[in-house]
Amino acid sequence: MSAPLASRRVANLAPLLDPSHADWERHAATRIALAPTPLGLQPTPYVRNTWKDRPYGALLALDVASVHDGRGWALRASWEGVSAPGDFPDALAIALPLAGRPVLATMGSAEAPIHYLRWRADREAVSSQIAHGIGSSAAGPPIAAHAAARAAGTRWQLVVSRPLGAPHGAAALQAGVSTQIGFAVWCGGNDERAGIKAFSIDWLELALDA
Amino acid sequence: MSTRQVAMVMDLNKCLGCQTCTVACKTLWTRREGMGHMLWNTVNTQPGTGTPHGWETMGGGFADGEARPGHRPALDEYGRDWAFNHQDVFFGGDSKERLVPNGGAYGKGANHDEDTGAGEYPNSYYFYLPRICNHCTHPACLEACPRQAIGKREEDGIVLVDEGRCKGYRFCQEACPYKKIYFNEEEGVAQKCIFCFPRIDQGVTTACSRQCPGRVRFVGYLDDPAGPIHKLVNVHQVALPLHAEYGTQPNVYYVPPLSPPKLDPDGNPTDEPRIPTEYLVSLFGARVHEVLAKLEAERARVRDGGESELMDLLISRKWLDMFGPFTRHPREAQPVHFHPKRQPT
């Protein structure tokens with residue numbers, strides 16, 4: 001496993017909810033390798049046949065930094081690829097294990113679900129979703145998650161934030177405790193949606209400062 | 001696999017192209033936000049490019065049993081709901097300005113090539129082709145959806161989108177070779193003909209069939225020996241699926257249209273029908289030849305004073321006999337409520 005993604009404690013989270021705030025420069029970003037989801041894991045023959053000769057999930061790297069202030073948690077992601085408005089939006093999902101030891105590539109299982117916070121470029125709200133396997137995501141706990149996004153030329157800068165703890169059954173994030181985190185990125189301009197995406201292959205360790 | 005299958009037969013010899021079916025469906029089902037462009041029932045002029053524009057060239061369905069990639073129609077290809085230039089006409093100051101509908105890139109919207117047809121006078125020809133979702137036995141939309149948001153009802157084979165599960169991925173639109181699935185941009189979900197299932201559940205036939213002034217549409221179960229569908233499809237075998245080669249086993253069938261004889265340069269009738277049979281074969285398959293011959297023969301029998309169960313069935317003197325077990329009056333049924341609001345996720 002690669003080096004942990006550190007979530008540094010800051011005195012005040014509020015200014016860092018702005019993805020272009022200068023304070024983010026103090027928190028070194030970790031470059032996370034991404035890869036296309038395996039074609040064989042796409043759940044229907046139609047999707048597999050349609051995408052077998054078509055590139056997708058071409059984003060290779062996602063730059064991520066994280067902070068918390070003991071009450072709230074924020075993650076700043078930036079990546080190359082701002083799509084023009086079309087049928088499908090650019091999007092990013094943050095995955096956190098909810099219980100057990102879920103497999104990221106299969107979006108968890110009945111016994112080991114995954115909690116996702118999903119941002120999409122055409123909506124302001126972040127959606128909270130629970131998945132028990134591929135194609136199973138449904139409305140998740142009503143956590144107070146927010147997003148602020150900025151398209152800086154061809155590059156997205158996005159901050160997703162949520163409270164610490166495990167409100168309403170959300171995946172737990174606790175100061176001084178490590179957990180696991182995963183990512184998925186969709187390029188809307190390439191018609192990417194559902195399982196057609198880039199993902200972080202496996203979990204990374206997310207270490208929150210005490 | 002469903003235990004039973006409801007189906008529809010449309011007799012193209014009787015379709016007037018009046019769009020009453022289209023309006024009946026439109027006013028009953030597609031009045032929510034984002035549904036303005038939706039016509040779950042369409043009637044297009046053939047030969048023509050249909051709705052959505054050029055749908056027969058958009059792929060989808062199955063080839064040799066394998067799911068075939070397809071095009072996802074854009075709103076302009078379906079045809080937009082008309083917008084009028086009211087402002088220019090009434091307040092623009094130009095008395096020559098005329099009211100003109102704007103139906104998107106193809107002008108008149110869904111029915112952009114109405115009554116255009118083909119051929120040269122005096123042998124020009126056209127006929128009308130009404131279409132709804134085919135509620136296929138092997139639905140490409142259902143099999144494409146990664147969310148399992150499309151289901152086929154066990155009791156009657158009606159194919160429905162579960163808007164609570166649909167996330168607007170639109171693979172179903174690509175996979176459907178008939179392009180009979182629409183996308184609601186306001187609600188972010190796929191929507192389509194529901195074969196009026198809330199009416200069917202109460203013994204009332206579909207709105208499009210009940211409202212049809214031409215008595216074009218028969219409704220019933222495929223396996224009901226007393227019903228019109230079984231008789232037309234299985235007994236008399238004069239009702240054919242549209243583009244069966246798409247591989248989805250559609251459950252809407254068509255009685256192909258006869259036509260008057262083609263005229264020679266002197267204006268005398270020839271042995272050729274005005275509508276080229278090969279064109280009908282391209283839509284309904286090779287059995288068109290025998291079906292047209294059978295229809296001609298049965299017509300001749302009646303013309304000569306004989307009796308024909310098939311002609312009696314197609315003429316439909318007793319209107320309610322067209323609807324199998326679905327003969328209740330809508331007034332006798334509970335009011336229809338089908339407005340599932342999607343819970344955003």
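Applying the Karplus parametrisation 6.51 cos²θ - 1.76 cosθ + 1.60 with θ = phi - 60° to the phi angles of the range B:327-333, what ³J(HN,Hα) value in whole Hz is obtained for each residue in order, glycine and proline being reported as x?
9, 5, 6, x, 4, 7, 9
Mind scanning B:Lys14/B:Lys318; A:Lys197/B:Lys152; B:Lys26/B:Lys108; A:Lys197/B:Lys180 and naming the pairs with a C-alpha gap bigger than 23 Å? Please list the in-between numbers first.
Details: B:Lys14/B:Lys318 15 Å; A:Lys197/B:Lys152 29 Å; B:Lys26/B:Lys108 17 Å; A:Lys197/B:Lys180 27 Å.
In this structure, A:Lys197/B:Lys152; A:Lys197/B:Lys180 exceed 23 Å between Cα atoms.
For B:Ala63, what residues show an amide H to amide H distance below 5 Å, using hydrogens built from the backbone and excluding near sequence neighbours?
Residues meeting the amide H criterion: B:Arg68.
Once you charge only the Cβ atoms, +1 for Lys and Arg and -1 for Asp and Glu, what is the size of the charge dipole of the protein assembly as shown about its Cα centre, to the nearest 20 debye?
Values: 57 positive and 60 negative charges, 289 e Å.
The calculated dipole for the protein assembly as shown is roughly 1380 debye.
What aspartates and glutamates does B:Lys231 reach when the alpha-carbon gap must be under 13 Å and sequence neighbours fewer than 8 apart in one chain are set aside?
Excluding near neighbours in sequence, the set is B:Asp223, B:Glu309, B:Asp312, B:Asp321.
Please list, in chain and number order, the residues 5+ apart from A:Trp73 or on another chain whose amide H is under 5 Å from its amide H, with Hs placed from the backbone.
Here A:Arg162, A:Leu164 satisfy the definition.
Show me, for the range B:241-251, the HN-Hα J-couplings you get by feeding each phi into the Karplus relation (A = 6.51, B = -1.76, C = 1.60, θ = phi - 60°), rounded to Hz, glycine and proline as x.
Once θ is set to phi - 60°, the couplings for the range B:241-251 become x, 7, 6, 4, 5, 6, x, 9, 6, x, 10 Hz.
Can you list residues from other chains, or at least 5 along the same chain, whose modelled amide H is less than 5 Å from the amide H of B:Glu272?
Amide H to amide H, under 5 Å and 5 or more residues apart or across chains, B:Glu272 pairs with B:Lys262.
If we restrict to alpha carbons, what Rg and Dmax does the protein assembly as shown come to, in Å?
Answer for the protein assembly as shown, Rg first and Dmax second: 28.5, 98 Å.
Determine how large the accessible area of A:Arg48 is when every protein chain is in place; take a 1.4 Å probe and give Å² rounded to the nearest 10.
Near enough 80 Å² of accessible area.
Taking chymotrypsin sites (Phe, Trp or Tyr not before Pro) as candidate sites, keep only those in a DSSP loop with at most 16 other Cβ atoms within 10 Å, then name the longest stretch of chain B containing none of them. Intermediate results must be reported in sequence, preceding the final value.
Values: sites that count: B:Trp82, B:Phe338.
Answer - B:83-337.
Can you classify the range A:5-208 as rounded, prolate or oblate using the Cα gyration tensor, where a ≥ b ≥ c are the square roots of its eigenvalues, rounded means a/c under 1.5, and otherwise it's prolate if a/b beats b/c and oblate if not? It would help to have the intermediate numbers written out before the result.
Values: a/c = 1.82, a/b = 1.27, b/c = 1.43.
It is oblate, given that a/c is not under 1.5 and a/b is not larger than b/c.
Using a 1.4 Å probe, what is the accessible area per residue for chain B, in Å²?
On the way: 15670 Å² over 345 residues.
Ligands and nucleic acids excluded, the figure is 45 Å² per residue.
Could you grab the relative contact order for chain B? Cα pairs under 8 Å, six or more apart, rounded to a whole percent. Numbers along the way, then the final one.
On the way: 687 pairs, mean separation 78.3, N = 345.
The value is 23 percent.
Spelling out what I want: for every residue of the range B:160-172, take phi, set θ = phi - 60°, compute 6.51 cos²θ - 1.76 cosθ + 1.60 (Karplus), and round to whole Hz; glycine and proline get x.
Running phi through 6.51 cos²θ - 1.76 cosθ + 1.60 with θ = phi - 60° gives 10, 8, 8, 5, x, 8, 5, 10, x, 6, 6, 5, 4 Hz.
If I ignore ligands, DNA and RNA and count only protein heavy atoms, how much of B:His243 is accessible to a 1.4 Å probe, in Å² to the nearest 10?
10
Charges only on Cβ, +1 for Lys and Arg, -1 for Asp and Glu: so what's the dipole of the range A:1-130 about the Cα centre, in debye to the nearest 20?
Values: 13 positive and 12 negative charges, 74 e Å.
Around 360 debye, computed over the range A:1-130.
In square nanometres and to one decimal, what's the mean projected area of the convex hull around the Cα atoms of chain B? Intermediate values should be presented prior to the final figure.
On the way: hull surface 84.5 nm².
Value for chain B: 21.1 nm².
The values are calculated or read from the model by the stated rules, or taken from the named source; none is laboratory data. These numbers were taken from a predicted model, which means no experiment stands behind them. Counting neighbours? That spans all protein chains shown, and the Cβs are built from the backbone with ideal geometry, glycine included. For accessibility, only protein heavy atoms count, side chains too; no ligands or nucleic acids. Shrake-Rupley method; radii C 1.70, N 1.55, O 1.52, S 1.80 Å.
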